[in-house]
1. Within region 62-80, which residues are open to solvent by 10 Å² or more (accessible area, probe 1.4 Å), not in a loop (DSSP other than H, G, I, E, B) and not polar (S, T, N, Q)?
2. Report, ordered by the first and then the second residue, all pairs with beta carbons closer than 6 Å, sequence separation of six or more or different chains, a first member in region 222-233 that is over 16 Å from K250 (Cα atoms), and a second member that is open to solvent by less than 10 Å² (accessible area, probe 1.4 Å) and at pLDDT below 95.
3. Here are some conditions: (1) closer than 28 Å to N507 by Cα; (2) open to solvent by less than 50 Å² (accessible area, probe 1.4 Å). A223 meets all but one. Which one does it not meet?
4. I need every pair where a residue in region 757-778 that is farther than 14 Å from K881 by Cβ has its Cβ under 7 Å from the Cβ of a residue that is among the basic types (K, R) and surrounded by 15 or more Cβ atoms within 10 Å (Cβ to Cβ), sequence separation at least 6 or different chains.
5. Quick check on this structure: which one of F626, F645 is open to solvent by less than 40 Å² (accessible area, probe 1.4 Å) and at pLDDT below 90?
6. Taking region 94-113 as the region of interest, how many residues are over 14 Å from R135 (Cα atoms) and among the aromatic types (F, W, Y)?
7. Which one is modelled with the lowest pLDDT among residues in region 673-730 that are part of a strand (DSSP E or B) and open to solvent by less than 60 Å² (accessible area, probe 1.4 Å)?
8. Filter region 741-772 for residues that are among the polar types (S, T, N, Q) and open to solvent by less than 10 Å² (accessible area, probe 1.4 Å) and give the result.
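The values are calculated or read from the model by the stated rules, or taken from the named source; none is laboratory data. Just so we're clear, the structure is a prediction, and the values are computed from it rather than from any experiment. Note that we place each Cβ from the backbone using ideal geometry, even for glycine, and neighbour counts take in every protein chain shown. What goes into the accessible areas is simple: the full protein's heavy atoms, side chains included, and nothing from ligands, DNA or RNA. Shrake-Rupley method; radii C 1.70, N 1.55, O 1.52, S 1.80 Å.
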Amino acid sequence: MAKLHEKLTAISEAFGESFFKEKVDRIILNNLGFGAEIRPYQKETFGRFIYYLNEYQARPKGMPTQLLFHMATGSGKTLIMAGLIIYLYNKGYRNFLFFVNNTNIIEKTRDNFLNPKSSKFLFTDVLSINGKQIRIKEVENFQSANQDDINVVFSTIQMLHFRLNTPRENSVTYDDFEDKKIVLISDEAHHINVDTKKGNKLTKEELLEQVSWEGTVDRIFNANKENLLLEFTATADLSDPNILAKYENKIIFDYPLSQFRIDGYSKEVKLLQADLEPFERALQAIILSQYRVKVFNKQKLRIKPVILFKSKTIDESESFFEKFTDNIKRLTPKDLEKILANASKFESKQISLSFGKSNVVLSKAFEYFQKNRITLENLAEELKNDFTETKCIVINSKSESEAKQIAVNTLEAENNEYRAVFAVDMLNEGWDVLNLFDIVRLYETRDSKAGRIGRTTMSEAQLIGRGARYCPFQISIDQPLYQRKYDEKVEDEIKICEELYYHSSHNPKYIYELNQALKEIGITPKSVKERELKLKDSFQQTGFFKTALIYLNEKLEYDRSDIFTLDASILPQEFKHHLRTGVTQTTVIYEDPTKQKQSLKIEKESFTLKDFGSTIIRKAIDKLEFYRFNNLKTFFPNLNSISEFVTSEGYLGKIRNIIVDGTRDQLNNISPHTKLQIAIEILKAIEISLQEDKIEYKGSKKFTHYFLKDKIDKKKLLNFADVTGSDAETSKSMKTLGDSSLYLDLSQKDWFVFEDNFGTSEEKHFIHFVDKTYEKLKKKYNEIYLVRNERFFKLFNFEDGKAIEPDFVLYLVNKKPEKSIYYQIFIESKGDQFKDANGKFENSKEGWKQKFLIALKQDHKIEMLWKDKEYIIWGMPFYKKNLEGEFENEFSILL
């Protein structure tokens, strides 16, 4: 039987990938502080929830709703909670109970929800829903809460159980839940499943949880049939049949760590194992950390890498802290020479826990120091200063001061100088620091037995998963901020800034067990296929390779300086408003409505917004936060004043076709109050149009030339994770007989510049298309070369700056004495999964790419550098094997 999330996925596949994403309410995006950076899977989550709540036919009726968001550590579960709170407020919910088992998570979430000064505050500075300013308030109970506010009770589940069963004055009680509809938000929700696991062996901690929490959540949840229980966790134990049975119709979205990593939202994890004493392993870590500082600084990025030193016990942690700080005070260049010698001899073994093999990173660090004239004396002084005792923090107990709790949860803040954290288990759950780049395991014990992954090893793997959250940065605006960018550029020094290193002693058995645990949680793929893409030597010898150009455009920030008016094309064609007549009428049910006597004559009249008067319009504007002048300036940089916005024909003065219907007497005597309501409705409609149409970037129409040889690699290692459900052809060689069902020995095809191809079936079908068309092309063109784009270059959509990496660029050269023509044709192949519900590409999620490629021919601009050479840039419609005839019609123009 299909689970809920699988049924929803099937709906998405049937109606198109953007089906759920398009359902996301603008109220969510407009009120989240990270609204512009909402990730695709987060939009998918919001869209699924909205669909389930409003449209899903199989949703149980007449009873409370329980849903589980099973999402990877670091995927932004708290952001999802915030967005759902906004949406549910608009649906009439006012009271929210947030509970979790961990005090640290409570403090962190309270800060994220309530503190606008926090760097991780989740909402916009002003929360505005339907033109009304809303407050988020923490309350002790819901009895006296203001029902215009978003009221949140924060509690640990233990404290909630205690409060409900030993009620005190002003505390939350069961009475709070009997006459109000409540949204219960459970973070780290796997902790409330102890009762469900009955019959299985429980740990001592789980037994304690069972005694404390039994029935508490269920009693609250079932108090009102409109209640919602929204559970969030990354680690629901779905291998337990009882838990699986409980949740199979409640998991609304399943986004595992494995997919999170594949999508590029995590750091890549590497293991540096060394047969060294703990302090020397620690010294390796701080050297790497300082190397990262230098690399970040070189790119003018103010990011401070942090190290976690993890001990087995509190005594060991405190003892190592003393030893570490003492040794750092006495650090000498000779200590660093010893580490350098070990690195040079490869006594440290670096293992990729992700893809492929890489150079020993310590050697690269020392090479960097040497190249940049940083002597070991200078490095030792830097480390002594940066890792002094005042820049190290120990946090081993739940009773640690609030200041310490805040410090370890704000390590990314510029005024936080801590570079090293010493801990045992305090930072296991709820710690979401992004600038953790090294974890040093200071003990050597292992607890896996008889081939089973031990509890400690699994918790270490989960800690690595938490530490692998990506630390966002950009070198250029065309790069994604929150995703890895250097997977394919293994030699680039900044790649270390996308990697988390786990430092351990040399223990092959433990390393094997850790690898198994990491595969289990999804941070490493269970199997990897490695393929080498090699540029043909024969192609490298051609005159074409040595001189050929590739023209590419740029992503530019769109400052909207060319906008001088409100664009009428984005506005509704007309605005309608019905005046309530207050009439009541009794009719006979079987009587023909057309024969019934009409008691009132309803007429329509068209108005302009100006007809209501500037005073009414100004009053409407004052009621809506969106129309503050400083916000309007972000949409209309050339706007000079609110008065201009109200009266000018370029702005609100152009609003016409306001169709009002009512009796003639009503239309002749519309009250100021009604005019105000109509004006507010119109302004809200304009706000929605402006928000939806706002563009931050554009792609330049001017194309700049680069040497092709500088853009493509002569040799590149490609890594393919074995992912269930992926294209069967992906990673398979075309030239190896029996490997691919689309065999073609590309090493013998001079027109294909690489030795082989490992792409999807559609990409391979396109290569076959070129092969069978080659003889016709040869009759017209002197040189023909097909270049596979393995993330070598990007183009940017003219309209909004979105990046596209075309699968291929086809060069066709027609040499003539007076002028040679160089066609540069970008081609993208697409499978059926990218079509819309009607089987078309045009209106699908990927449709903009096809539109852009087709527009290239007409809209590109290039500077002519030579009188005897002309470059022409073209794009083609998507190639699809079963639509090859349509593609061939367009392609025939070239013939």
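1. H70, K77, L79
2. If the second residue must be open to solvent by less than 10 Å² (accessible area, probe 1.4 Å) and at pLDDT below 95, the pairs left are A223/F177.
3. (1)
4. So the pair list comes out as N757/K764; N757/R788; F758/R531; F758/K732.
5. Selected residue: F626, the only one of F626, F645 that is open to solvent by less than 40 Å² (accessible area, probe 1.4 Å) and at pLDDT below 90.
6. 2
7. First pass over region 673-730, keeping only residues part of a strand (DSSP E or B): 697-699, 702-707, 715-721.
So of that shortlist, the ones also open to solvent by less than 60 Å² (accessible area, probe 1.4 Å) come out as 699, 703-704, 716, 718-721.
Values: G699: 93, F703: 95, T704: 94, K716: 82, L718: 78, N719: 72, F720: 73, A721: 64.
Checked region 673-730; the qualifying residue modelled with the lowest pLDDT is A721.
8. Matches in region 741-772: N757 only.
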